[in-house]
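Here's the structure, in structure tokens; my notes come after.
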Amino acid sequence: MAFNLAHQVGSLCGSPMVMVEPGSAARADPQTAPATVWKPQAVDRRFRIQIGVGQAEMETAPQTCHARSLALPDLSAASDAPAAEVREHLGGGGGGAVKGVPVFVMMPLDTVRPGGGLNRKKAMNASLMALKNAGVEGVMVDVWWGMVEKERPGEYDWRGYDEFMEMAARIGLKVQAVMSFHQCGGNVGDSVTIPLPRWVLEEMDKDPDLAYTDQWGRRNPEYLSLGCDALPVLKGRTPVQCYADFMRAFRHRFSDLLGSTIVEIQVGMGPAGELRYPSYPEGDGTWKFPGIGAFQCYDKVYMLSNLKAAAEKVGKAEWGNGGPADAGGYKNWPEDTAFFRREGGWNGPYGEFFLSWYSQMLLDHGERIVSSATSIFDDLAGVKISVKVAGIHWHYGTRSHAPELTAGYYNTRYRDGYLPIARMLGRHGAVFNFTCVEMRDGEQPSEAECKPEELVGQVAAAAREAGVELAGENALPRYDETAHEQIVRAAACGQEKMGAFTYLRMGPDLFEPDNWRRFVAFVKIMAESGGGSAEHCREMAEREEELSVHVPLVQEAAATLTCA
């Protein structure tokens with residue numbers, strides 16, 4: 001991703017570590033093809049690598065990375081060692097009591113490949129072991145609806161996730177599993193394309209109104225429109241029933257790991273997994289930062305029919321014909337439009353009616369799905385339910401907050417749009433997961449009125465008032481001390497600490513020596529004390545340099561990820 005997207009938005013603690021025996025994640029399930037089992041590899045040639053200063057060494061076999069012609073160690077022998085041995089080799093990093101804010105790391109979007117199995121398995125194993133050694137609490141992985149239930153409704157292929165969950169359990173990392181009911185591709189940071197299930201797309205082809213639609217008739221295939229949540233439009237099932245059945249199947253498949261290894265279920269509720277409308281689609285150039293986006297309520301069968309009924313209920317039938325006609329387009333700025341400008345229609349009777357209806361539809365959608373999730377997982381000790389909300393910080397300094405309004409957050413100079421979301425999550429005991437935690441106001445273009453710090457502060461206040469746990473993510477990959485300091489300040493130095501922080505994202509750049517040194521220091525500050533200054537971060541980074549940068553395990557992770 002180009003750095004000029006730094007103002008945009010991309011798409012959380014632990015419990016005592018429970019290790020599983022090798023092979024325990026390979027489960028029989030009559031609804032899927034035979035699970036791929038991760039079995040020990042025969043190793044003939046061995047040499048020794050040191051995992052950390054003062055720690056034991058382990059033997060393994062060499063592997064050649066042809067992309068760079070580098071002789072790299074094969075960690076399969078270490079990964080297949082008994083759980084106790086892996087834990088011994090990894091030392092004390094992660095898995096213990098965390099006084100501050102536990103850190104999780106997002107996995108690559110293509111961690112699991114279609115048809116089962118892990119992409120870059122040896123690199124994945126080396127990387128997870130390095131993260132564990134650094135003190136990371138766990139990892140976050142997308143469980144793609146479009147991959148697991150791809151071919152036919154009710155048929156689930158969990159094979160790649162069997163392998164991943166077993167690997168995480170063996171190494172001793174917790175897992176945040178994201179129920180990803182959206183398409184991958186088209187949003188900030190999407191590096192691969194994973195569409196919705198084939199049979200879902202077939203139904204959308206038959207009935208285009210199942211997709212979100214804007215006033216120009218543009219359809220968005222990223223996520224099923226919330227307008228049809230409760231209608232049996234997917235071969236006799238409603239979308240919410242499909243989501244619930246998927247989560248129920250996930251629980252059945254991974255029942256022995258829920259609460260021990262799998263400690264959080266983040267429920268996808270829209271594009272990029274976030275509770276919002278797809279109002280700023282970037283992939284095809286429709287939207288460009290810092291545009292205000294566009295309302296997504298123009299399909300005639302579902303959203304417009306609901307709007308019409310709502311307008312008739314208040315005695316204003318003429319308000320039910322559509323959204324505001326003077327709201328501009330995706331790339332406009334607030335002052336370009338009559339509706340969003342300083343004294344625009346957003347603050348009039350019609351604007352209040354429409355924005356209340358539009359945002360309530362999103363709230364109702366969130367409540368339906370989180371209610372289903374809690375009914376499925378709520379009786380499991382050690383498992384949290386979370387929901388991600390987008391950090392739409394551009395034009396936050398204006399009165400109308402136009403980009404938030406088109407996304408479904410009725411947040412203006414005169415109205416708190418995040419407290420209703422927090423209260424909805426609070427009714428179900430769900431975690432409020434918020435992004436853009438790493439950003440500072442001064443880093444953004446002043447003319448776009450970006451205020452991410454104020455936005456994070458508002459969301460934190462709403463979470464406190466509603467009594468819900470707040471967790472965070474960074475919106476874009478950042479490895480610098482300035483971003484780390486900002487995360488520490490936002491996550492750990494408020495009136496109440498965040499429940500967890502998820503770091504975006506694991507990849508070759510993370511394991512570059514300087515980035516890795518700073519990351520290890522950041523994890524320690526977050527987990528041990530939950531607070532610290534920029535100077536503290538630098539001192540920690542200097543102390544960690546010899547212990548973290550030159551460890552062969554970290555070098556292995558960096559090299560194998562780069563050339564995989």
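The values are calculated or read from the model by the stated rules, or taken from the named source; none is laboratory data. Keep in mind that this is a model prediction, so the values were computed, not measured. Every residue, glycine among them, receives a Cβ derived from its backbone with ideal geometry; neighbour counts consider all protein chains shown. The area values use the complete protein model at the heavy-atom level, side chains included, leaving out ligands, DNA and RNA. Shrake-Rupley method; radii C 1.70, N 1.55, O 1.52, S 1.80 Å.
One table, with the values for the structure above:
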quantity	calculated
Accessible surface, region 470-511, averaged per residue in Å² (probe 1.4 Å)	30
For Val136, net neighbour charge (Lys/Arg +1, Asp/Glu -1) across residues whose Cβ lies under 11 Å away	+2
In nm, spacing of pseudo-spin labels at Glu202 and Arg251 (7 Å Cα→C-beta vector)	2.9
Spatially proximal lysines relative to Lys150 (Cα-Cα < 21 Å; intrachain offsets below 8 disregarded)	Lys206, Lys235
Carbon plus sulfur fraction of accessible area for region 200-279, probe 1.4 Å, in percent	52
Relative contact order, percent, region 390-472 [alpha-carbon distance under 8 Å, six or more residues apart]	38
Rounded to the nearest 10 Å², the accessible area of Met147 at probe 1.4 Å	20
Local electrostatic count at Leu231 - Lys and Arg +1, Asp and Glu -1, tallied over other residues with Cβ under 13 Å	-2
Where region 91-186 is the region considered: accessible area per residue in Å², 1.4 Å probe	21
Length released on extending from Asp284 to Glu155, taking residue separation times 0.36 nm less the Cα-Cα span	43.3 nm
Rounded percent of accessible protein surface that carbon and sulfur make up, region 359-484, 1.4 Å probe	44
Cut-off 12 Å between beta-carbons: net charge of the residues surrounding Gln176, Lys and Arg +1, Asp and Glu -1	-1
Packing-based order for 275-283, 211-219, using average beta carbon neighbours within 10 Å, highest first	275-283, 211-219
Which of Asp207, Asp509 is most accessible, then next, and so on - probe 1.4 Å	Asp509, Asp207
Chymotrypsin sites (Phe, Trp or Tyr not before Pro) within region 412-484, DSSP loop, no more than 15 other Cβ atoms inside 10 Å	Tyr414
FRET efficiency, Asp336 to Asp378 (Cβ-Cβ, R0 51 Å, nearest 0.05)	0.65
Sequence of Asp284, Asp441 when ordered by accessible area, the most exposed leading, probe 1.4 angstrom	Asp284, Asp441
Glu447-Asp514 FRET efficiency (beta carbon distance; Förster radius 30 Å; 0.05 resolution)	0.40
Rounded Å value of the spacing that divides the Cα centres of region 152-176 and region 437-476	32
Protection proxy ranking, peptides 158-169, 376-387, average beta carbon neighbours within 10 Å, highest first	158-169, 376-387
